[in-house]
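In what follows, a single structure is set out as structure tokens and then discussed.
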Amino acid sequence: GLLTKPLSHWHLRDTLAAIAAFKKSGEPAPFITKHSLGDSRSGPKKKAIQQLKFTDAKILLAEDNPVNQMVATKILEKYGCHITAATDGQQAIDHFMMPEQTYDLIFMDCHMPVKDGFEATDEIRKFEAARQRKRMPIIAFTAHVLKGDDDKCFAAGMDDYIPKPFQQTDLERVLMKWIPIEKRVLASSDA
């Protein structure tokens, strides 16, 4: 395809969603342009491109604020994700270490009681290393968006971060980046 500048965030999101859908279906993708994306947004295919869903995506959400936890859970469930909630860092560690439970992604609040997100991430990374497990993507939820805060998250072993208050587009970006492609589907069969 061909996308000319300037681009809006929806151009990139819709392009990635369309590519993922065609890869999943095995059908050849059409040539994508800003014009074809614009046509699809105004017609019946608009819903097909915008309704990215996930199948069997399991997320561990470590968030002590009940309002943030509820909002994030509701948004993530709309994408078809299964959520396990933890209200502190120790609960997140305990959930992660359960042998019968697997996750695709962890959202980790940085400032929680008992153990904060940095301590919990450190323990999870040590657990993975000791058992030679595949690295779990850990996404920081942080209310502090000062210069260098992202470096602190990365230094702690986190893979990405979302500033709070978070936007749905932030969650979409992270889900598109970190949920395995085989778990991505479009909700509509029009795709």
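The values are calculated or read from the model by the stated rules, or taken from the named source; none is laboratory data. No experiment lies behind these values; they were computed from the predicted model shown. Please note: Cβ atoms are built from the backbone with ideal geometry, for glycine as well, and neighbour counts cover all protein chains shown. Quick note on the areas: whole protein, heavy atoms, side chains included, nothing else; ligands and nucleic acids left out. Shrake-Rupley method; radii C 1.70, N 1.55, O 1.52, S 1.80 Å.
In the stretch 110-183, the portion of solvent-accessible area held by carbon and sulfur atoms comes to 54 percent [1.4 Å probe, whole percent, DNA, RNA and ligands not counted]. By the rule of a C-alpha distance below 14 Å, with chain neighbours fewer than 8 residues away ignored, the aspartates and glutamates paired with LYS164 are GLU63, ASP64, ASP109, ASP149, ASP150. Summing Lys, Arg as +1 and Asp, Glu as -1, what charge do residues with Cβ under 15 Å from the Cβ of GLU63 carry, GLU63 excluded? Its environment carries a net charge of -3.
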